[in-house]
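A.B. asks: Got a structure for you, written out below as structure tokens; questions coming shortly.
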Amino acid sequence: MLQEKLKSYLRFVESGEMLEVYPDAKGRAVLIDVVCKYPPSQLALGFYNQVAKIVDGAGIKLQHRLFSAD
């Protein structure tokens, strides 16, 4: 499910649709921030690292972090 959502986000950015919807974003860095409710497993960490390398090549940053209610 997460993989499909990330693909949708990437299409939104790469197709130029993001700039149509948010024209003020032109020239700004793009960051996809995945907020986890629970600590990710080793498998999930491997997935994040692999995807981060791919999207970095497109000039997009991917990060993940744990949710904090603070």
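A.B. asks: Taking the residues in the stretch 26-46 that are touching a helix residue (DSSP H, G or I) at 6+ places or on another chain (Cβ under 6 Å) and not charged (D, E, K, R) as candidates, determine which candidate is nearest to Ala69 (Cα to Cα).
C.D. replies: Per the stated criteria, the residue is Ile32.
A.B. asks: Continuing with the same structure: Would you mind telling me which numbered condition in (1) in a strand (DSSP E or B); (2) open to solvent by 80 Å² or more (accessible area, probe 1.4 Å) His64 fails?
C.D. replies: All conditions are met except number (2).
The values are calculated or read from the model by the stated rules, or taken from the named source; none is laboratory data. Predicted model only: the values in this text are computed from it and were never measured. Here the Cβ is made from the backbone with ideal geometry for all residues, glycine too, and neighbour counts use every protein chain on show. Note: areas computed on protein heavy atoms with side chains; ligands, DNA, RNA excluded. Shrake-Rupley method; radii C 1.70, N 1.55, O 1.52, S 1.80 Å.
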